[in-house]
Amino acid sequence: MAGPMETSSHDVLLVGGGGAGLRAAIAVAEMNPGLSIAVASKVYPMRSHTVSAEGGAAAVIKPEDSLDDHAYDTISGGDWLCDQDAVEAFVREAPEEMLRLEHWGCPWSREKDGRIAVRPFGGMKIERTWFAADKTGFHMLHTLYQTSLKYPTVTMHDEWFVTRLLVDEGRCQGVVAIELATGKVHAILAKAVILCTGGCGKVFHFTTNANIKTGDGMAFAYRAGVPLKDMEFVQYHPTGLPFTGILITEATRSEGGWLLNKDGYRYLQDYDLGKPEPKPVKRSMELGPRDRLSQAFVKEVEKGRTTETPHGQVVHLDIRHLGGKLIEAKLPFVRELCLKYENLDPVEELIPVRPVVHYKMGGVHTDIHGATPLPGLYAAGEVACVSINGANRLGSNSLTELLVFGARAGKAASRFAAAQPRSTRGVLVQAMDEEHRLHREFLEKTGGGERVSVLRTEMQQAMESGAGIYRDESGLRKSADKIQELQDRFKNVSLDDRSRTFNTELVACLELSNMLDLAGAIIQSGLQRRESRGAHQRTDHPERDDANLLAHSLAFRTETGPPRIEHLPVTITRWPPGERVYGR
Amino acid sequence: MSREATLRVYRGDRNGGEMIDYRVPVSPGMVVLDAIRSIQFHQSPDIGVRWNCKAGKCGSCGAEVNGRPRLMCMDRMDRYSPGEPIVVRPMKSFPIVKDLVNDVSWNFQVNKKIPAFKMRSDMERRFSQEEADRVQEFRKCIECFLCQNVCHVLRDHDLKPAFGGPRFLVRVAGLEMHPLDGEDRTELLRKDLGIGYCNITKCCTEVCPESIHITDNAIIPLKERLVDRFYDPLALLWRKVTGKR
């Protein structure tokens, strides 16, 4: 380790270069061209996981639709755990944000009359999901990336891996990051930091999420004393391919696909989700909310009505009746995936599917402007929990969330940064300590013997068994103990790769330490929520408990042992808690 | 089924390296990327490789497998004959950082030269799905840079920076053919991106994992526009007379 640490200073720093990060960067640049902006991403921005999103992004556009309808669908979809003031702001700002993307060149698919097209989606009463073929997230991300390049005040730090936040005198003042190509450790000082690092699906074994989804930003905030909200709410998407976990988009069902059990029966009709009709009916059957569909799968397994495969139990998604022409036009990517990864053609065969971990409703606690309780620290996108998704997210709300809250957080952070003094001395000391820590605990350590890959697999299996679709006290406790054991064993981890150049093992190791913290928060929040709501289902507490638990879980990190859990009441404005009704 | 395969992988950096053989157990449905990760997990944790989505969407894992540029996550192991070693090398046209990781930063420099989308103010924002399809095809590009890697102008003749490469010709096509775009990038094509260097060999189209018809749908129409603008004497005369673009 030679020479003084490389330091740079900016006004606003984005950690993460996906949809939320790039939208926020653009918002800062447009609001205040005098501010200097940096985006630090551990991968090239267009590799961010936003790129995988297929189905669409929701915003009210049809004349027969209304903001109140979108709000109600979202709130009931979230089993009343959504903060209604946040939802109202979200549905109001959504159409404008989506239209702005058209002005930036995003090629939204069209209706026959040449206007922007919308399709129906799960849990939504009226069609409001905008789409660009079946690669909506992809087109949005590329549009945002190219637009962000127009601003000379934005500096991109591609393949820089952030390891911690710098916090001094009660405010966040930047980060420490490793430049992966060279291994050089940098301190990036900033007057405001916006976390846009996405979710943490890789904490689980079977997930649609890409390798990078390790929840780094959540862990950084958590360690800086910011609570993580609603971590127990993990979304299982009902239709993932069995071995790879690759997602088969909800659009397959909104175009008319059916879910069949091993007897060829559309089993969702047994679960209070409506009656089967030949054409898709909104908010009914296959267009019900994701949590209810995934839960139905588990029940079918218990009844012995699913099909055994070498990669676990599956049901089948049937799109044969849609015909080859429609599939090629509306679902070409689905067909390609099935041919490439399952060696089957969905035009003629059934697609095997099962629920797969997909999205994190929970995350860093923020207000409706994206501000966390720590001054100078903001968060937007899947990493944050505002909360607009509550206990269960509706499909196509997430892509819109990136735009609305990316913009909000960007604007709030700009205002804050413009009023801040210079950074304090304390942060440079912290940065140097971090560099020493990385060397001492990882790059130069001798002894140890625990392997990153082994610990990671054990963590993923513990989460899969204890924090699945249905949970109970003993399962959660067992996993909690396992996670604690893994945290202890992590202290003895040793790396084989000690080089500075592109050290992927070091990155995997730091990501693992982030994930272990998050795993603990998920389990403990789940233990303390003794009710069933949305995606968190307790077989030992099967009813929703509005009297005591119409509240968010806040997980605060403690020095040793499990996090401390507090509860924060949900903000209710115009929609008092009601029954979630689908199919009737 | 305990079948094994041999992967012969490049280990080294820009100063040099060697090919090392690894025996890897093979199971049904495995792709080359799974094999590389198996090596990373069990045998050699310091192997350098970029990968992420494992679903052919993020463009991270481009490499050359038995000489062909491919995404490793889309390359099934059962395509290869059981007895033969599978040779995995980094992309040839870009400097090597470590093992299978290339320095692809030059591509981002080229991208900066291309003016962004500019919304036209003289028409209503309505166009057909057919027009959307045309642009959606080009914009499907996941920036894996396999086309840049394989194009002989860059690969063998090393004509950076005079030639921007197929990826950027596709990007320009996605902008120029967008019905709502009002910017003109024809001069850029001629001078900065050197579209004249392309001689329609179509290797780019062959390796594109998104099956974008790069040459036929993007490059040839752009070449035609260029010719119309700069090299067609009748068109030049017409424009002088009528004052139209």
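The values are calculated or read from the model by the stated rules, or taken from the named source; none is laboratory data. Note that the structure is a prediction, hence the values are computed from the model and not measured. We place every Cβ from the backbone using ideal geometry, glycine too, and count neighbours over all the protein chains shown.
One table, with the values for the structure above:
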read-out	value
Enumeration of residues in region A:201-217 that are touching a strand residue (DSSP E or B) at 6+ places or on another chain (Cβ under 6 Å) and either surrounded by fewer than 24 Cβ atoms within 10 Å (Cβ to Cβ) or away from every other protein chain (no Cβ under 14 Å) (or both)	A:204, A:206, A:217
Scan of region A:63-106 for residues that are part of a helix (DSSP H, G or I) and under 24 Å from residue B:118 (Cβ atoms), ordered by number	A:95, A:96, A:97, A:98, A:99, A:100, A:101, A:102, A:103
Subset of region B:46-85 that is within 17 Å of the chain's Cα centre (by Cα) and aliphatic (A, V, I, L, M) - its residue that is nearest to the other protein chains (Cβ to nearest Cβ)	B:55
Sole residue being over 28 Å from residue A:387 (Cβ atoms) and outside any loop (DSSP other than H, G, I, E, B), chosen from A:167, A:176, A:193	A:176
Of the criteria (1) buried (at least 19 other Cβ atoms within 10 Å of the Cβ); (2) touching a helix residue (DSSP H, G or I) at 6+ places or on another chain (Cβ under 9 Å), which one residue A:361 fails	(2)
Count - residues of region A:107-146 that are in contact with a Gly (Cβ under 9 Å, 6 or more places away or on another chain), among the hydrophobic types (A, V, I, L, M, F, W, C), more than 11 Å from chain B (Cβ to nearest Cβ) and in a loop (DSSP other than H, G, I, E, B)	2
Residue count, region A:100-147 (criterion: basic (Lys, Arg), surrounded by fewer than 24 Cβ atoms within 10 Å (Cβ to Cβ) and modelled with pLDDT of 95 or more)	1
Hits in region B:26-60 (condition: in a loop (DSSP other than H, G, I, E, B) and polar (S, T, N, Q))	B:27, B:44, B:52, B:60
Qualifying residue in region B:106-113 (condition: in contact with a strand residue (DSSP E or B) (Cβ under 9 Å, 6 or more places away or on another chain), within 11 Å of chain A (Cβ to nearest Cβ) and surrounded by fewer than 18 Cβ atoms within 10 Å (Cβ to Cβ))	yes
Candidates B:14, B:120, filtered to the one that is within 14 Å of another protein chain (Cβ to nearest Cβ) and within 30 Å of residue B:181 (Cβ to Cβ)	B:120
Test: residue A:117 is without any contact (Cβ under 8 Å) to a residue 60 or more places away in the chain, of a type in the set (Gly, Ala, Ser) and outside the structural domain of residue A:214 (by TED's automatic domain parsing)	yes
So residue B:4, is it under 24 Å from the mean Cα position of the chain (by Cα) and either in a strand (DSSP E or B) or modelled with pLDDT of 95 or more (or both)	no
Answer residue from region A:482-499, given it is outside any helix (DSSP H, G or I) and of a type outside the set (A, V, I, L, M) and is farthest from the other protein chains (Cβ to nearest Cβ) among those	A:491
Within region B:167-193, considering residues that are farther than 22 Å from residue B:59 by Cβ and buried (at least 19 other Cβ atoms within 10 Å of the Cβ), the one farthest from the chain's Cα centre (by Cα)	B:180
